[in-house]
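K.L.:
Pasting a structure here, questions to come.
Every number in this text was worked out from the coordinates using simple rules, so none of it is lab data. From a predicted model like this one, the values you see are computed outputs, not experimental measurements. As a convention, Cβ positions derive from the backbone with ideal geometry for all residues, glycine included, and neighbour counts pool all protein chains shown.
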Amino acid sequence: MHDALAQSEMTMPQGMTHELFVADREFHEPDTAGFQIPVPFWDPDTDMVETIMLQHTVHSRTRAAQRCIDLQRIDTVMVYGETVYKQGMVFMYLGKDQVPEHLARHRDKYANTVVVLSGDSNQVITCYRCPNPAKHLRRKQKNLSVFRQAA
């Protein structure tokens, strides 16, 4: 009985090989229209609030889900966090001191979160947590290193 059940689960749709089935299922890029994050920014020069739409990449959605970082936390980092420009990217982090008072009860949840944005577009590349984000980002190289092959 177990053999018949296992064999029925392993049957592919007619006309598909195993490679095509796996490639079609795993590597299909989903529509990213539903993964935009509206982030309000206050411009001190004009004293106006502008809303910028950030686009999640497939990688950032995957990593955020794995690390239990929701869109509200990314939004909070973008609004209240500090900004560091290095390696052609924009690193935004929220340390323990930057967590706003209305989120003081959830300080441990929001503190030490880093969001990495592309330097030339409005894409969120990845997000993660680290114990001391200011020190971590200060120690990063200014430019990405290029690997050279030995001649």
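K.L.:
Compute the relative contact order of the range 36-138 as a whole-number percentage, counting only Cα pairs closer than 8 Å that sit 6 or more residues apart in sequence. Write out the running numbers ahead of the final one.
P.N.:
Values: 178 pairs, mean separation 26.6, N = 103.
Reported as a whole number, the value is 26 percent.
K.L.:
In addition: Pull up all non-local amide H partners of Thr57: gap of 5 or more, or a different chain, and H-to-H distance under 5 Å with H placed in the peptide plane.
P.N.:
Val124
K.L.:
Between His106 and Val58, what's the calculated FRET efficiency when r is the beta-carbon distance and R0 is 35 Å? Round to 0.05.
P.N.:
Details: r = 28 Å, r/R0 = 0.80.
Efficiency at R0 = 35 Å is approximately 0.80.
K.L.:
Sticking with this one: Which value, to two decimals, describes the C-alpha radius of gyration of the range 36-138 once divided by 2.2 N^0.38 Å? Please list the in-between numbers first.
P.N.:
Numbers: Rg = 13.1 Å, N = 103, 2.2 N^0.38 = 12.8 Å.
The range 36-138 yields a ratio of 1.02.
K.L.:
Here is a further query. Can you sort Thr62, Thr126, Thr113, Thr51 by how many other beta carbons sit within 10 Å, fewest first?
P.N.:
On the way: Thr62 12, Thr126 18, Thr113 23, Thr51 8.
Listing Thr62, Thr126, Thr113, Thr51 from fewest to most nearby Cβ atoms yields Thr51, Thr62, Thr126, Thr113.
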